[in-house]
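Since every read-out is calculated from the coordinates, none of them should be taken as a lab result. Bear in mind that the values here come from a model prediction, so they are computed numbers and not experimental data. We place every Cβ from the backbone using ideal geometry, glycine too, and count neighbours over all the protein chains shown.
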C-alpha cells in the first residue's frame, strides 16, 4: 500500500502494483529515459550507459515494460524511494512521483503555487495601482480596428503592446450594468466564456465584448487572478490575425474585466449548430476557418505557448468569418527551443477535447493538436463534441465506428447534411488529418505546422475547383 511507503523504503520492496502504476506514467513517450540517465552510483558516476539504455529500449519490441525492468535492476542495490522521487521531481514527473509519496509532492506543489499566487497578486495589485496613476493620461490613442487587425509576419518576434485601462464603472455603463438578459431579449449577455460571462458593449461607438470574470465552485479568487493576468500577459506579447484582439482591461472594481473587439459571427460551435437560425457554413467556409485556426495555433506554438483549451467554442469568427482563437487563461509558456513536456497536478481543459496525456497532467503542444482533431470532426459532421443522449457520447470516438467495416456508419453518412458543396476526396483528406491528430500516442501525431500545410492544400484544391 502507498501509505506504508516512505522515502527510506527500498525500491526492491515496492509492490508489483505500485511499480506497474509507475510504468503507466513512465513508459509512454519514453519518460523512463529521463530517470535512467539521472541515476548515479555512490561515487557520482552514471550507473547506466547508452548501451544500457538501448538494451532497455529493446524490451519494448518484446512487449515488456522498460520501467518495470529498470526498477527491478536498480532495486538490486540499496536505492530508495526518496532517491527515485527526487529524480522524478527534478524532471517535473509529478504525477508519477505522487504514486509513491503523495504528501511530499503535494507539499512541494503547494509551495510553488503559493509563490505563483504571490506573484500574481503582486502583478494584479500593480495593474490596479497603475490604473489609478494613469487616469489622467490621455486615452484617446487610436485602437486597432477589429476589421483590420495587426498581422505579424511569421518571421518576426512578438513585440510588447500596451492595453487601455478602464474603470469598472465604465464597464458597467457600456454593458447596461451587465444586463444578464440575452441580446435577443434586449439585454447585453452574449454567453459564457472561460472563467466568466461575456457581455456586448459600445465603447466610443465601437462594439466590444466585455468578459466579466467571476469565481466558480472549483476556482478560487487567487486562481482567477492568475487566469486574468495570464490572459493579459499572453495577448500583450502575441499578436496575430488569427488570435482574438484584446483592447484593454479593468481591475479596480468588484470583478476584473477583459475587453475585446466584438466577433460579430460568434463562435464556431454556435455557427455549426446554426444557433439563432443562422445560415449553415458551406464547405469552403469551414475549410478556411480550419486553416485560419491552425494558422493561429502554429503562431502560438512557434512562440512556445500551449493553449490547453482548444475547442470550437474558443474559435471566434469576425464579420468576414476569419477565425480568431480566444480564451488564453489556461495558456502556458514553455522554455524557448525545447519540446520538453511539462507536468501539472491541476488537470484543466474540456473533457471532450482532451488528449490521453492531458488527462495525466502533461502539458505539450501535441495536446493542442489532439484537441484540434476534434474540432476538425465537428467541422466535418456539424455535431457537438459531446452529447450524453447519443452513442458514442464523445465525437472523437465516432472514428472507430467509421473505420470499422463491421459498423454501419460510413464517412459519407458522417458528413454534415446541412452543407452541399463538398467533394468526397476533400472530405477524406480532412478526415484522415483529423484521425492523425487524434492518435492516442502523441509522438505519432503531426505537429501543427504539418496540419496547416495539409489544410492549405485542401483550400487550394477548393479554389482551383471554383475557378474551373
- Task: Give, in nm to one decimal, the length gained when the segment between residue 264 and residue 417 is fully stretched (0.36 nm per residue of separation minus the Cα-Cα distance).
- Result: 52.6 nm
- Computed log₁₀ I(q)/I(0) - Debye formula, equal Cα scatterers, no solvent, segment 2-100, q 0.16 Å⁻¹: -0.62
- Using mean Cβ contacts within 10 Å as the protection proxy, how do 239-250, 173-184, 197-208 order, highest first? 239-250, 197-208, 173-184
- Item | Where labels lie 7 Å past Cα in the beta-carbon direction, separation of residue 359 and residue 180 in nm | 3.5 nm
- Output the peptides 55-63, 318-326 sorted from most to least packed, where packing is the average of other Cβ atoms within 10 Å over each peptide's residues. 318-326, 55-63
- Message: Testing the spin-label approximation: label points 7 Å from Cα along Cα→Cβ at residue 424 and residue 20. State their distance in nm.
- Response: 4.7 nm
- Hey, fewest Cβ within 10 Å first, where do 371, 23 land in order? 23, 371
- Message: If each residue of separation counts as 0.36 nm, what is the full-extension length gain between residue 13 and residue 302 once their alpha-carbon separation is subtracted?
- Response: 99.5 nm
- Note on the structure: Here, residue 383 and residue 62, labelled 7 Å along Cα→Cβ, have an inter-label distance in nm of 4.3 nm
- Item | segment 45-91: equivalent-ellipsoid semi-axes (sqrt of 5 x gyration tensor eigenvalues, Cα, Å) | 20, 12, 11
